[in-house]
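For reference, the structure is listed below as structure tokens.
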Amino acid sequence: NAGVTQTPKFQVLKTGQSMTLQCAQDMNHEYMSWYRQDPGMGLRLIHYSVGAGITDQGEVPNGYNVSRSTTEDFPLRLLSAAPSQTSVYFCASSLGRPNSPLHFGNGTRLTVT
Amino acid sequence: ELKVEQNPLFLSMQEGKNYTIYCNYSTTSDRLYWYRQDPGKSLESLFVLLSNGAVKQEGRLMASLDTKARLSTLHITAAVHDLSATYFCAVDMENTGTASKLTFGTGTRLQVTL
């Protein structure tokens with residue numbers, strides 16, 4: 001059981017470049033979300049989805065786009081990378097019940113120069 | 001503003017000692033989650049607390065929730081080196097009833113020394 005799979009693990013971008021962080025889960029979870037983790041700030045929610053075709057913004061959505069065409073996949077797009085987007089990005093999923101915690105992927109470490 | 005505050009931010013403790021990590025949050029919620037993160041790794045779920053007075057225990061860790069005080073505690077009993085990690089609490093601040101929109105604390109980095 002692979003759980004939540006994120007690719008790539010590491011990425012270096014130049015300012016202004018765009019890219020997509022991939023996230024896939026094989027647990028048939030309805031809920032998926034993207035967080036970024038920065039030193040001293042915990043994790044902050046970027047975007048989330050409560051099911052295929054449904055997405056919404058979290059706390060820090062600017063500069064990022066998402067879509068959810070299938071239950072399994074939830075890619076995060078950086079439209080025009082900025083140094084402020086240097087961070088570790090985590091994708092997570094859950095069943096959507098109160099007693100169901102988030103299951104996290106292994107993260108993508110992104111550096112924007 | 002929705003806030004989740006943890007203290008201490010850093011904790012160095014000797015093996016065998018007891019200590020408590022505190023998680024305060026700024027709005028009414030009766031759903032709180034604790035996670036563990038090892039350096040350079042992902043987050044692992046430890047506890048799910050779903051009601052006032054909830055208490056969960058796993059090994060040397062015990063978590064509790066007081067929704068009236070907006071406070072959760074993570075108590076460490078007789079610490080061992082393997083517990084060294086960063087611990088996060090996360091709150092369902094908008095009472096969605098799910099873990100879809102969690103607000104995380106800044107984390108408590110625990111270092112257990114021999």
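No lab work stands behind these numbers, since they all come straight from the coordinates. It should be emphasised that the depicted structure is a prediction, and the values quoted were computed from it without experimental measurement. Positions of Cβ are backbone-derived with ideal geometry, glycine not excepted, and every protein chain shown enters the neighbour counts.
With 32 Å as the limit, write out which pairs from A:Lys14/B:Lys41; B:Lys3/B:Lys41; A:Lys9/B:Lys17; B:Lys17/B:Lys68; B:Lys17/B:Lys101 have Cα-Cα distances beyond it, or answer none.
Beyond 32 Å: A:Lys9/B:Lys17; B:Lys17/B:Lys101.
So which GluC sites (Glu not before Pro) in region B:1-30 end up in coil per DSSP with only 13 or fewer other C-beta atoms within 10 Å?
B:Glu1, B:Glu15
Quantify how strongly other chains surround peptide A:99-111 by giving the mean number of their Cβ atoms within 10 Å of each of its Cβ atoms. Please report the intermediate quantities before stating the final value.
On the way: counts 6, 5, 12, 9, 5, 7, 2, 4, 5, 0, 1, 0, 0.
Counting other chains' Cβ atoms within 10 Å and averaging over A:99-111 gives 4.
As I understand it, the dipole of the protein assembly as shown uses +1 on the Cβ of Lys and Arg and -1 on the Cβ of Asp and Glu, about the Cα centre. Which of A:Met32, B:Tyr22, B:Ser84 lies farthest toward its positive end?
Going by the Cα projections, it comes out as B:Ser84.
Within 10 Å of each Cβ of B:50-58, how many other protein chain Cβ atoms are there on average?
0
How charged is the neighbourhood of A:Phe74? Take every other residue with its Cβ under 14 Å from the Cβ of A:Phe74, and add Lys/Arg as +1 and Asp/Glu as -1.
Details: positive: A:Arg68, A:Arg77; negative: A:Asp26, A:Glu30, A:Asp56, A:Glu72, A:Asp73.
It works out to a net charge of -3.
How are the C-alpha pair distances of chain A spread across 10 Å bins, as whole percents from the shortest bin up?
Taking every Cα pair in chain A, the percentages come to 15, 50, 29, 5, 0.
In nm, what is the difference between 0.36 nm times the number of residues separating B:Thr28 and B:Glu5 and their Cα-Cα distance? Before the final figure, lay out each step's value.
Details: separation 23, 0.36 × 23 = 8.28 nm, distance 1.42 nm.
Taking B:Thr28 through B:Glu5 to full extension adds about 6.9 nm, to one decimal.
Report the Cα-based extents of the protein assembly as shown along its three principal axes, largest first, to the nearest Å.
49, 38, 36
Rule-of-thumb check for chain B: C-alpha Rg over 2.2 N^0.38 Å?
1.01
Averaged over peptide B:92-100, how many Cβ atoms belonging to another chain are found within 10 Å of each residue's Cβ?
Taking the mean over all residues of the peptide, I get 6.
Enumerate by residue number the trypsin sites (Lys or Arg not before Pro) in region B:30-114 meeting two conditions: DSSP loop (anything except H, G, I, E, B), and at most 12 other Cβ atoms within 10 Å of the site's Cβ.
B:Lys68
Just grab the label-to-label distance for A:Met27 and A:Ala82, each label 7 Å out from Cα along the Cβ direction, in nm (one decimal).
According to this spin-label approximation, the distance is 3.3 nm.
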